[in-house]
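Right, one structure below, let's go through it.
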Amino acid sequence: MTFFVSCITICNMLNLAVKPVKNEAITTARLPSDIRGKLIFLSKLKKITMSEVIIKSLEEYYEKEVNELDSYTLGLPYFGKYNLGAGDLSTTYKQRIKEKLRERQNSY
C-alpha cells in the first residue's frame, strides 16, 4: 500500500552562485500548482520578480500578525468616552438595577 503525503519543504542555503549580498539566502518552498500560477500572475501583473512578490507578501503577513491588537487595546479609545457622572457603575450595577425595579413597582 502506498501513501502520498503533500508537504512543504523549506530550506535555507547561501546563494553562492550569485555575487553574495549581506544577509541574503535562498529559500526553496514547494508550492501547489494553483498557488504557483497565482504567484506568476502577480509577478507579471506588477512587473516584479516572483521573489519580490513573496517578500512583500511575507512582510505584510508579518506586520499583520505582529500588530494584531487584543480586545482591550481596540476598546481603549472608547473607555470613558461617555462620562455618565458616576465612576462606580461597573461595581454597583446590581444595586442600581434593584433600585430602578423598586421605583417602577412602587409607581404602579
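The values are calculated or read from the model by the stated rules, or taken from the named source; none is laboratory data. This is a predicted model, so every value here is computed, not measured. We place every Cβ from the backbone using ideal geometry, glycine too, and count neighbours over all the protein chains shown.
Among the residues of the stretch 53-92, write down those that are surrounded by 10 or more Cβ atoms within 10 Å (Cβ to Cβ) and among the aromatic types (Phe, Trp, Tyr). Within the stretch 53-92, Tyr61, Tyr62 meet the criteria. When Arg102 is tested against (1) under 30 Å from Arg30 (Cβ atoms); (2) assigned to a helix (DSSP H, G or I), only condition (1) is not met. Here Leu69 meets each of (1) in a loop (DSSP other than H, G, I, E, B); (2) modelled with pLDDT of 90 or more; (3) under 21 Å from the mean Cα position of the chain (by Cα) with one exception, condition (2).
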